[in-house]
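Novice: One structure, pasted below without further comment.
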Amino acid sequence: MLSRGDLQFVINLIMMKVKNMANLGKDKAEKFLIQGGRILSGEIEVRGAKNAATPILAASLLTQEECFIDNLPLIEDVFRMIEVLKSLGAEIRWIGPRCLKIRAKNVNPSKMNFDLVSRLRSSVLLMGALIGRRGLPAQAGVSFKIAKPGGCQLGTRILDPHLDGFSRLGVRIKKDDGFYEIDAKGLKGGEIVMSEFSVTATENLVLAAVSAPGRTVIKCAAAEPYVQDLCHFLKKMGAKIEGIGTHTLVIEGKKLRGASHRIIPDPIEMGTFISLAGASKSELTVKNVVPQFIELELLKFKEAGLNFKILNKRVLPAGWGYQIGDLKVSGPFKIKAVKKVHNMPYPGFAADSIPTFALLMTQAKGVSLIHDWMYEARLKYVDELQRLGANAFVCDPHRALITGPTALEGKEITSFDLRTGATLILAGLIAKGETIINNAYQVDRGYERIEERLQKIGANIKRVSL
């Protein structure tokens, strides 16, 4: 039973979600106002990982039994995925502040809310989940269509790795006027060599393969913590998966059951808050950090001159065998340029952590090369940092040079995507004067009530409705 406090929390959550759903299509209706230049202090907690939550929610479609998902981040992308699952017929109920009970007993793909799907990049995971549901009673010979997924405009994000992989599993897919028509009657195990280390494509293929008759081998699979967390959840459901955490996954199709799971803490939030501590020269404790998830990032933070240590070490639940703790960043803050930072497949530097690290480099002594080879439109945040006074030069669509340290001055700027939004908030917090960040919605997609959490560590930031 929920306590009175938890019940009120859930009621407030639902009211906030209803308001947010009513504002679909009004992505620029709120903005952040920041008075920067403050030294921050205290503790800030890492929430559940967005990139693990959405595939695990999709995985609940693979059984007709109840699933319990805990530590969900209360963010727009999660709310949207929940609404899409409801439109399919899944029964969903909040049973705790961040815990859902889901039962997808009767699912009808023809009732899918295509408008929501078209706004949510993670909705592409419904392809794999609905294909994998094919083996359930009354689902044989399933065919369905799905709208082209939305999400951040970071450049060309083709679905070829997803579609090619599905075809290797006997699935037929036809693209027609912004929709994908999918026929999974021939679903079976197969061997897949992925054309890129795509996290979402790997998750999609795993969702399809876990109930496909026979054996599936996925080579060049992404090994990020989000993929691992999905696989751990699926194993609780009865899936047989070998090679978790490596770049080759071997899967034997099985009938799945209901399960309970707790989402891992978000590695991207870990990097965001560590970068904030360094850039603002503030002693902060970042709670719920898993060092094994951000090993290379931590090496780069050390190279940049940050001092930190892990406190309150304990075991990460759910059989990971990793440690989780609280990372304390302390002075003196003598930030040095890191000659080169570029994203790599896990356990390399995460692409989503590069923008906030680039912000840290604006306060570092020397020249840093920032290289994001994945997304040719990711560097739009550099233009906004230049407007605040950063000494940055975009060499080409994938590389930028940043020279520091440079004092930033507040101005009105715009969040074009999720990670740009987080980076600009950090910039506003260290800039002199007032910074206005338009399109707060983009940040809400991945960071839970970010302004309230930052206020608790002394930031002067507020949300304003237009």
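The values are calculated or read from the model by the stated rules, or taken from the named source; none is laboratory data. This structure is a prediction, so every number in the text was calculated from the model and none was measured. Note that we place each Cβ from the backbone using ideal geometry, even for glycine, and neighbour counts take in every protein chain shown.
Novice: Can you pull out the strands (runs of 3 or more DSSP E) entirely within the range 1-97 that have at least 1 residues that are touching a Leu at 6+ places or on another chain (Cβ under 9 Å), modelled with pLDDT of 95 or more and more than 19 Å from Val227 (Cα to Cα)?
Specialist: 30-35, 41-45, 91-96
Novice: Checking the condition surrounded by fewer than 19 Cβ atoms within 10 Å (Cβ to Cβ) and either touching a Ser or Thr at 6+ places or on another chain (Cβ under 7 Å) or more than 16 Å from Gly190 (Cα to Cα) (or both), which residue from Lys240, Lys236 passes?
Specialist: Testing whether each residue is surrounded by fewer than 19 Cβ atoms within 10 Å (Cβ to Cβ) and either touching a Ser or Thr at 6+ places or on another chain (Cβ under 7 Å) or more than 16 Å from Gly190 (Cα to Cα) (or both) leaves just Lys236.
Novice: In the range 250-266, which residue that is touching a strand residue (DSSP E or B) at 6+ places or on another chain (Cβ under 9 Å) and surrounded by 23 or more Cβ atoms within 10 Å (Cβ to Cβ) is nearest to Ala427 (Cα to Cα)?
Specialist: Among those residues, the one meeting the criterion is Asp266.
Novice: Any chance the range 412-427 includes a residue that's modelled with pLDDT of 95 or more, more than 26 Å from Leu120 (Cα to Cα) and touching an Asp or Glu at 6+ places or on another chain (Cβ under 7 Å)?
Specialist: no
Novice: Okay, next question. Could you grab the pairs with beta carbons closer than 9 Å, sequence gap of 6+ or different chains, first residue in the range 300-314 and free of Cβ contacts under 8 Å to residues at least 12 places away in the same chain, second one assigned to a strand (DSSP E or B)?
Specialist: Pairs found: Lys302/Phe308; Arg314/Gln323; Arg314/Ile324; Arg314/Gly325.
Novice: For residues in the range 106-156 being among the β-branched types (Val, Ile, Thr) and at pLDDT below 90, which is nearest to the chain's Cα centre (by Cα)?
Specialist: Thr156
Okay, residues lined up against (1) of a type in the set (A, V, I, L, M, F, W, C); (2) buried (at least 24 other Cβ atoms within 10 Å of the Cβ):
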{"site": "Thr362", "(1), (2)": "no, yes"}
{"site": "Leu369", "(1), (2)": "yes, no"}
{"site": "Leu379", "(1), (2)": "yes, yes"}
{"site": "Arg399", "(1), (2)": "no, no"}
{"site": "Ile402", "(1), (2)": "yes, yes"}
{"site": "Glu434", "(1), (2)": "no, no"}
{"site": "Lys456", "(1), (2)": "no, no"}
{"site": "Ser465", "(1), (2)": "no, no"}
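Novice: For the range 351-466, which fully contained strands (runs of 3 or more DSSP E) count at least 2 residues that are of a type in the set (A, V, I, L, M, F, W, C)?
Specialist: The strands (runs of 3 or more DSSP E) meeting that bar are 366-371, 391-396, 399-404, 434-438, 460-465.
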